[in-house]
1. Pick from 427, 449, 469, 422: which is surrounded by 15 or more Cβ atoms within 10 Å (Cβ to Cβ) and at pLDDT 95 or above?
2. Which of the residues spanning the range 105-125 are over 30 Å from residue 191 (Cα atoms) and in a loop (DSSP other than H, G, I, E, B)?
3. Here is a list of conditions, (1) closer than 30 Å to residue 330 by Cα; (2) at pLDDT 95 or above, and residue 168 meets all of them except one; can you say which number that is?
4. Which members of the range 31-49 meet the condition of being in contact (Cβ under 8 Å) with a residue 60 or more places away in the chain and within 11 Å of the ligand (Cβ to nearest atom)?
5. Which condition breaks for residue 148 when tested against (1) within 16 Å of the ligand (Cβ to nearest atom); (2) at pLDDT 95 or above?
6. Among (1) farther than 14 Å from residue 185 by Cα; (2) in contact with a helix residue (DSSP H, G or I) (Cβ under 6 Å, 6 or more places away or on another chain), where does residue 305 come up short?
7. For residue 310, all conditions in the list (1) on the phi > 0 side of the Ramachandran plot; (2) in contact (Cβ under 8 Å) with a residue 40 or more places away in the chain; (3) away from the ligand (no atom under 16 Å from the Cβ) hold save one; what is the number of the exception?
Ligand code: N01
């Protein structure tokens, strides 16, 4: 490839969800305007663009589910429905003045570090064909929950009815009067089930592990509350702070002393008793592990839906799927018209890691196969200079808003780019020592948490049982640790000519 075939940019951002958009807005604010955002979907919003299943809503309170620099006084509910969140992200993107640099319907197919020129060569493919970018830095915000995972169940590809994943909902299929099955009882399924129950002739819910479900303390904001958010100085920030600290306290139970989650378990058991009268069904939905070990869910509608006459909860395990039915391990075959697969996402084997090749000529996935999925401060990885993750390894949360983590990481990346400019560094790459010290400390902290000791399997853990997805502490601590780019933990190289 000749230089003329390359499109040169200072920064290439992967993904236009909350993470990528935040990076774009903040780069713009810093005068770093030579960037491009590559997005595989046809608009901004990431997970909030993709997950349009009936009942999709946020289980983090609305007040915390916005950027701190773009508060939204117009949320209708204390927990926002998906269309409102998607509309919010679109509005922020439109008013940011950055959308002219977003390239939609285009996927990053490969990113390779060019050692001689000290830049990333990023190959993309989309509706406008193929293009290769040469970028000084790559900011990767592909999303931790963006690649739907289908279950490995015998015969599933022989099913002749309608089948789709919760994150790829087929709105052309009318479920009214149909026989429907849902596989999975995670955060997506428990929002979907009450909606399908209202329409379907029969609904079979296949549960492998019962989730803990707390009541959803939801209310619609009154005109007065909205007016206060809009007009009273500081009112919305105060509401936000109250929500933030209310959630942050939960870290004491999740990461410090799992026994503290007992109070929540009591609330969850009451939720079961309120929603379900049948003792056998109550028994089936009662989890056998410590609350918090898997993501704690919230719903007032899930248990009453399971208790409805047209719903069956099947816990015997799935043997196979046939052309028109699901056959349980006990041999019972149940015919269905529609199969909804709510089985989650690839989380510990990030698809993008297979497409990125670093300075040693191996992919990030190959490195992770050796080291485990890990990064320095969840953001940078040895062998991969000038590459920054937004929502990288061990930055996920089981208790609060990812937008807070995203803003923390973006602040760190901005400071890294400023540092590179000021000192005319061509490359920054975290040292192996700093990276392993960071991760050893993380894993030590993990040992004491409910995710390690709670007695469950979950998508938080990799195949070796190592938690590579969650941040094991208070979010304000992460913010503190990412508040300044700590160049002393990096190997830097000087640019031959100043980069600014
Ligand atoms: O996916 P999940 P999700 N046979 O992985 C089951 C976020 N989110 O899409 O528990 C049978 O949680 C699996 O069973 P088990 C949130 O962070 C947020 O629901 O592994 N069953 C489980 O029940 C969440 O954690 C919101 O035994 C199989 C289910 O499928 C994350 O997204 C809303 C199976 C998968 O649950 C993922 O949630 C929705 C098999 N082969 C989602 N394989 C908000 O409100 C898997 N399962 C912000």
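The values are calculated or read from the model by the stated rules, or taken from the named source; none is laboratory data. Worth saying up front: this structure is predicted, and the values here are computed from it rather than measured. Neighbour counts are summed over all protein chains in view; Cβ atoms, including those assigned to glycine, are modelled from backbone coordinates with ideal geometry.
1. 427
2. The first filter runs over the range 105-125 and keeps only residues over 30 Å from residue 191 (Cα atoms), leaving 106, 108-125.
Correct list: 115, 116, 117, 118.
3. (1) is the only condition that residue 168 fails.
4. 47
5. (2)
6. (1)
7. Against the list (1) on the phi > 0 side of the Ramachandran plot; (2) in contact (Cβ under 8 Å) with a residue 40 or more places away in the chain; (3) away from the ligand (no atom under 16 Å from the Cβ), residue 310 comes up short only on (1).
Listed here are the residues, each with its yes/no results for (1) away from the ligand (no atom under 15 Å from the Cβ); (2) at pLDDT 95 or above.
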{"residue": "321", "(1), (2)": "no, yes"}
{"residue": "331", "(1), (2)": "yes, no"}
{"residue": "390", "(1), (2)": "yes, yes"}
{"residue": "399", "(1), (2)": "no, no"}
